[in-house]
Every structure is written in structure tokens, then in C-alpha cells.
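A.B. asks: Below is one structure. I have some questions about it.
The values are calculated or read from the model by the stated rules, or taken from the named source; none is laboratory data. A quick note: this is a predicted structure, and the numbers were derived from the prediction, not measured. With ideal geometry, Cβ positions are generated from the backbone for all residues, glycine too; neighbour counts draw on all protein chains shown. Just so you know, the surface numbers come from the protein's heavy atoms only, side chains and all, with ligands and any DNA or RNA stripped out. Shrake-Rupley method; radii C 1.70, N 1.55, O 1.52, S 1.80 Å.
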Amino acid sequence: MGGKVKIWNPVEIAEEAKNDYASQIFPSLLSIDPSLSLHQMTPLVINLCKDMFKDWSNLHDSCFKVDKISGGITNLLLKVSVEQRDSVNAIITIRLYGPNTEHIIDRHRELQAIKYITAAGFGAKWLGIFGNGIVQSFINAHTLTPSDMRDPKLVPKIAKQFRRFHHVEIPGSKEPQLWNDIWKFFEKASVLEFDDSEKQKTYKTVSFKEVQDEINELQVLCDRLKSPVVFSHNDLLSGNIMVNHEEDKLYFIDYEYASYNYRGYDIGNHFAEYAGFECDYSLYPNMNEQYHFFRHYLQPDRPQEVSENDLKTLYVEANTYALASHLFWSLWGLIQAKMSPIDFDYLGYFFERYNEYKRQKEKVVLLALSHLSECRS
């Protein structure tokens, strides 16, 4: 396959992982173009499996079954079942990264996170790495829909998993990444040029001076909230939460954006995702729904004993940082509109998120300022 889709050196990364990852990571130098149809991709996927796992190198192609699990907006997830002697004896998942996603995602930060998150017992086990993706163990579960996330029976489980995730320790800098990432996105988003004249015209209607002022103001306000810094997922939309009801297990997957960050941001971002990609903000959780989440996040064993003060503090944090989530993903939308080959209205997504930010801003800022003045008095 062409070198253009290669995003790292798999052999080097597998070698480095030996220092701090308990299991061996198998490398392959092959890459697979994610824009191919499943039919075109299947022989390449089989070839990759044989190249990576030497035990499978002599198996006939008919022993491999390749299915598409999901196509995230920035990556594609495939399931490979390997059958020998009439029984399935292995199932793996292959995560293929979309072209140009390295403009948005720090892949080396992601791999560092995967190692430690996996070791802490979250998600799938990391098995292998290739030119533009990774191979993991298969999780027998299904992804949630946006409406599932607000199910009162699931909310405590999601909140409890958030709490566990926020206790993961990752070596290295514990510097929160939110504002660094927003400013990086701002720099890229503010100097784009579109070949498509309609897109260029729409893009030109964005006032980057206004966006810059909004980021500056919000950063000052958020800093005053002193939200605790924890290791955060930063992208807990419904597609990144999987559940197996029979085994009563819930998983967080896909650590593309994971980093140290503000607790309020990770939770506020999750609440903003109740709206789904359709951006139906009538689904954003109200105060009672949020309090139900907070109780199980703060004290899963004794949720009813959480103090009113702790609930209010987290309510202010989550809703103020949800504004930052709108800014982050709106700028992400602009960059994707330029870089991504996926058929999605990313420019429209910028306006959906940015306009929601503007609709909520006044109410949320007043809430935060009144909370801060109560705390001082």
C-alpha cells in the first residue's frame, strides 16, 4: 500500500512499548486505505492479519471473516473472526485511522494513553500496530445511542465509570490540555482556504476576532472555577460507550482525545453529546438529570449522601465547561471541513455548536459568577 496513509513507524512503536507494556505488541509495516469498500479492503485486511500474527500466516483466506463494526467520523472499526476446524477461535478488532486525522489528533499521545488505560482494566487489550491503525481485542458489547445515555438506569453506571477513569494515573505531564488544544485548533481553523467557492463563502462569514475574544473570556472564567485536573477521556459521546447487558458491563472506548484535563470539561462535554451529531439540544440534561449523574459520580456507594454544595459546584463546573466543549468541537468542525474526505456537513456542524454556545453563554456565565460570589462570601 502507498506510504501516504502511514502515520507512524509501527516497528519502533512496538519496540518502545516493551519498556512499559506487559504484553507484546505485534507490528506490521502494511497500511490500508480506509476509503476502500469493505469488499476491496477484505483481502488487504486478511493479508495484514497474516503478516502481523505469524500463527495465522499459513491459514487459507477462507478462514477469515471481515465485518464492519462502525465507521466513526474519524476512524473505521473492523471485526475479524478467525475460524479453524469449524469453530471461531479468535476475534480481533482493527481500528483504521482516517486520512489527515493527524491534523486533529496527537496519535503518539493517544498510544501513550492506550497503554496505561488498558493496563488499568478499561476497554480492549492492545495487540498490534500497523501503518495507519491499531489492532485490539474484541469487546462483546454494543455502542449506545444518544438516547441511551440519558436512561436513568444507565446513568449511574456511566457516572461510576467516569469516576474510575478519572482515577487512572498516566506518567508524564499532568498539565490540562483543553486550552492548548483549543488555541491550536483556533490557529489552524482561522487560516483555512476552501477550493469549493460555496464553502469558502460560508467560511468567510466566521468572525475569528469574535471567536478569539470568546475563547479568552471563557478561559478566564473557567480558570476561576478551579475544576480538579484528572485524566479525562474528552470524547464520551454515545458511540464511545459500549454496554453488554447480559454481563452487566460498560466500556469506554476510543482514546483519541484522552489527556489530563478539567473534570468539569469531561463531564460537560459528555452532557453536550446527549444532543448527538444532529445537535438536538432539547436533549441536553436538565438540573435533576445532571444531579442524578453527579451523585453516582461523587459517591457511587452512598449517592443520596452527596451534599447540596458539592452538587452545585459540579453543576456550575460541568455547564460552564460545556461552553468550552462547544468552542472546541466547533473549531474541530472547521478543520475537518477542510481535511476530511468523509461525507458529513462539518461546516454546518461549526455553526450548530457555535450558535449553541452563544445561546447558552449569558445564562451559564451568570450562574458561574453568582456561584463564585457565593463561595467568596
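A.B. asks: Counting only heavy atoms of the protein chains, get the accessible area per residue of the range 325-373 (1.4 Å probe) and round it to a whole Å² value.
C.D. replies: 41 Å²
A.B. asks: Write down the Kirkwood hydrodynamic radius of the range 221-377, to one decimal in angstroms, obtained as one divided by the mean of 1/r over all alpha carbon pairs.
C.D. replies: Computed over Cα pairs of the range 221-377, the Kirkwood hydrodynamic radius comes out at 16.7 Å.
A.B. asks: Roughly speaking, what is the centre-to-centre gap between the range 31-73 and the range 250-303 when only Cα atoms are used, to the nearest Å?
C.D. replies: Measuring centre to centre over Cα atoms gives 35 Å.
A.B. asks: Quick one: pull the percent of accessible area on the chain belonging to carbon and sulfur, 1.4 Å probe, ligands and nucleic acids left out.
C.D. replies: Carbon and sulfur together cover 50 percent of it.
A.B. asks: Express the Stokes-Einstein translational diffusion coefficient of the range 300-355 in µm² s⁻¹, to the nearest whole number, given a Kirkwood radius over alpha-carbon pairs, 25 °C and a viscosity of 0.890 mPa s.
C.D. replies: This corresponds to a translational diffusion coefficient of 182 µm²/s.
A.B. asks: Cα to Cα, under 15 Å, and not fewer than 8 places away if on the same chain: which aspartates and glutamates meet these conditions relative to Lys68?
C.D. replies: Counting by Cα, and skipping residues close in sequence, Lys68 has these aspartates and glutamates nearby: Asp33.
A.B. asks: I would also like to ask the following. For helix 287-298, what angle does its Cα long axis make with the longest principal axis of the chain, in degrees from 0 to 90 and rounded to 10?
C.D. replies: So the inclination is approximately 60 degrees.
A.B. asks: Whole number in Å², please: accessible area per residue of the range 171-227, 1.4 Å probe, ligands, DNA and RNA not counted.
C.D. replies: Heavy-atom accessible area per residue stands at 61 Å².
A.B. asks: On C-alpha positions alone, give me the angle between the axis of helix 38-52 and the longest principal axis of the chain, in degrees, nearest 10.
C.D. replies: Computed tilt is about 70 degrees.
A.B. asks: Do any of Lys184/Lys249; Lys18/Lys54; Lys226/Lys249; Lys209/Lys338 go past 25 Å between their Cα atoms, and which?
C.D. replies: Lys184/Lys249; Lys226/Lys249
A.B. asks: OK, next. Determine the dipole magnitude for the chain: charges of +1 sit on the beta-carbon of Lys and Arg, -1 on that of Asp and Glu, nothing else is charged, the reference point is the Cα centre, and the result goes in debye to the nearest 20.
C.D. replies: The dipole of the chain has a size of about 380 debye.
A.B. asks: Just report the Cα centroid separation between the range 306-377 and the range 84-130, whole Å.
C.D. replies: One Cα centre to the other: 29 Å.
A.B. asks: Rg(Cα) of the range 202-294 divided by 2.2 N^0.38 Å?
C.D. replies: 1.31
A.B. asks: What is the extension gain from Lys153 to Cys375, computed as 0.36 nm multiplied by their sequence separation minus the C-alpha to C-alpha distance, in nm to one decimal?
C.D. replies: 76.6 nm
A.B. asks: Assuming a ≥ b ≥ c are the square roots of the Cα gyration tensor eigenvalues, decide whether the range 1-160 counts as rounded (a/c under 1.5), prolate (otherwise, with a/b larger than b/c) or oblate.
C.D. replies: The shape class here is rounded.
A.B. asks: Where the centroid of each part is defined by its Cα atoms, how far is the range 154-178 from the range 181-222 in Å?
C.D. replies: 29 Å
A.B. asks: Quote the relative contact order of the range 94-215 in percent (integer), defining contacts as alpha-carbon pairs under 8 Å separated by 6+ residues.
C.D. replies: Here the relative contact order equals 19 percent.
A.B. asks: Output the 0 to 90 degree angle, nearest 10, between the alpha-carbon long axis of helix 155-165 and the longest principal axis computed from the alpha carbons of the chain.
C.D. replies: 80 degrees
A.B. asks: Can you divide the C-alpha Rg of the range 71-174 by 2.2 N^0.38 Å and report the result to two decimal places?
C.D. replies: Dividing the Cα Rg of the range 71-174 by 2.2 N^0.38 Å gives 1.25.
A.B. asks: Could you provide, to the nearest whole Å², the per residue accessible area of the range 91-153 with probe 1.4 Å?
C.D. replies: Value returned for the range 91-153: 35 Å² of accessible area per residue.
A.B. asks: Ala119: net charge of surrounding residues, Cβ under 13 Å, Lys/Arg +1, Asp/Glu -1, itself excluded?
C.D. replies: 0
A.B. asks: Using alpha-carbon pairs under 8 Å, 6+ residues apart, how would you state the relative contact order of the range 228-369 in percent?
C.D. replies: 21 percent
A.B. asks: I would also like to ask the following. Just one of (i) 88, 42, 33; (ii) 79, 49, 42; (iii) 73, 56, 37 is Cα extents along the principal axes in Å calculated from these coordinates, so which is it?
C.D. replies: Matching the structure shown: (iii).
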